[in-house]
Amino acid sequence: MIAPRVISLDLDDTLWPVAPVLAAAEIALLSWLRAHHPRAVQGLDIDSMRELRARIAERFPEQRHDMTFLRRRALGEQFAAAGYAGAHAEDSPAAQAMQIFLAERNRVEFYDDVRPALDRLRRGYRLFAVSNGNADLNRCGIADLFDGHITATNAGAAKPDARIFAHLLRVAGVEPAEVLHVGDDPLADVVGATRAGMQAVWLNREGRPWPDEFEPPPRTVSTLAEIS
């Protein structure tokens with residue numbers, strides 16, 4: 001086996017638990033909208049706003065991978081339906097609302113093993129984040145630990161699509177076998193990376209069973225402290 005030169009890491013549910021982050025961000029967004037633009041959320045709640053995003057994804061399948069686009073478009077349509085002019089403009093209230101969401105979405109709490117592991121790993125490897133979501137390494141406070149961040153938005157595809165991993169290879173300037181990818185999602189991270197020719201580790205923090213429909217993971221760890 002070739003020794004990896006690059007370690008790529010998923011973000012959501014790999015470096016931090018994402019469900020409480022998204023829940024808090026959606027609550028903060030709704031509260032801000034009700035306080036500043038109540039017309040835009042009249043008759044809406046978090047569930048109905050999620051349903052609107054799902055309909056947006058159906059209408060724009062070519063943008064389904066881009067979570068920022070879906071949220072921003074849905075907010076624009078909310079404001080437009082409420083009678084706001086220029087709802088999709090860059091300086092619109094909808095754009096301001098998106099910034100409220102993103103500020104809270106990047107207020108993450110790292111798992112205890114994350115910072116020590118990143119500090120250690122970066123001394124021996126180049127580190128890249130590879131994520132489907134819209135977390136921002138700068139806002140999260142760990143951009144200095146990474147050489148780059150590959151997102152579904154800038155790659156034009158989401159994991160497990162091979163295109164996002166190919167984008168990583170181009171940016172990092174390495175061959176597939178020189179990358180070790182670490183993530184929590186069996187399909188998106190482990191199957192996706194191995195199909196792209198990379199080495200892969202399944203980070204299984206909660207002792208979940210591996211899905212029967214996939215080949216067993218090459219390696220499983222329960223914390224990043226086990227990666228060396």
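In the chain, the sites counted are GluC sites (Glu not before Pro) in DSSP loop states with at most 11 other Cβ atoms within 10 Å, and the longest stretch holding none of them, exclusive of the sites, is 110-205. Computed on the chain, with alpha-carbon pairs under 8 angstrom and 6+ residues apart, the relative contact order is 24 percent. In order along the range 217-228, the Karplus-derived 3J(HN,Hα) couplings, from 6.51 cos²θ - 1.76 cosθ + 1.60 at θ = phi - 60°, round to x, x, 7, 10, 10, 9, 9, 5, 4, 7, 7, 9 Hz, and Gly and Pro are given as x. Of the chymotrypsin sites (Phe, Trp or Tyr not before Pro) found in the range 141-221, the ones in coil according to DSSP and having at most 14 other Cβ atoms within 10 Å of their Cβ are 214. Placing a pseudo-label 7 Å from each Cα along the Cα-to-Cβ vector at residue 228 and residue 28 gives an inter-label distance of 3.9 nm. Across 142, 100, 164, mean-square fluctuation computed from a Gaussian network of the chain (C-alpha pairs under 10 Å connected) peaks at 142. In this structure the amide hydrogen of residue 128, modeled in the peptide plane, comes within under 5 Å of the amide hydrogens of 7, 8, 9, 147, none closer than 5 places in sequence on its chain. Placing +1 on the Cβ of every Lys and Arg and -1 on the Cβ of every Asp and Glu, with no other charges, gives the chain a dipole of roughly 480 debye about its Cα centre. In a reduced charge model with +1 at each Lys and Arg Cβ and -1 at each Asp and Glu Cβ, the range 1-67 shows a dipole moment near 220 debye about its Cα centre.
Once the Cβ-Cβ distance between residue 89 and residue 147 is put in as r, and R0 is 25 Å, what FRET efficiency do you end up with, to the nearest 0.05?
Working: r = 35 Å, r/R0 = 1.39.
My answer for the efficiency is 0.10.
Divide the volume of the convex hull of the Cα atoms of the range 3-64 by its number of residues and quote the answer in cubic angstrom per residue.
Numbers: hull volume 8.5 nm³, N = 62.
Dividing the Cα hull volume of the range 3-64 by its residues yields 137 Å³.
Return a whole-number percent for the relative contact order of the range 117-178, with Cα pairs under 8 Å and 6 or more residues apart as the contact set. Please report the intermediate quantities before stating the final value.
Numbers: 61 pairs, mean separation 17.2, N = 62.
28 percent.
What the Cα convex hull of the range 1-112 gives, in volume per residue, is 146 Å³. Computing FRET efficiency as 1/(1 + (r/R0)^6) for residue 210 and residue 123, where r is the C-beta to C-beta distance and R0 is 30 Å, gives about 0.45. Note on residue 42 and residue 64: their simple-model spin labels are 3.4 nm apart, each label 7 Å out from Cα toward Cβ. Taking 0.36 nm per residue of separation and subtracting the Cα-Cα distance, full extension of the segment from residue 220 to residue 53 would add 56.7 nm. Residue-wise HN-Hα couplings along the range 11-20, as the Karplus relation 6.51 cos²θ - 1.76 cosθ + 1.60 with θ = phi - 60° gives them from phi, are 10, 4, 6, 10, 9, 7, x, 8, 4, x Hz; Gly and Pro carry x.
A simple rule links phi to the HN-Hα coupling: the Karplus curve 6.51 cos²θ - 1.76 cosθ + 1.60 with θ = phi - 60°, which for the range 159-164 gives 4, x, 4, 4, 5, 6 Hz, with x for Gly and Pro.
We did not get these values from a lab; they are worked out from the coordinates using the rules stated. Just so it is clear, the model here is predicted, and its values are computed rather than measured. With ideal geometry, Cβ positions are generated from the backbone for all residues, glycine too; neighbour counts draw on all protein chains shown.
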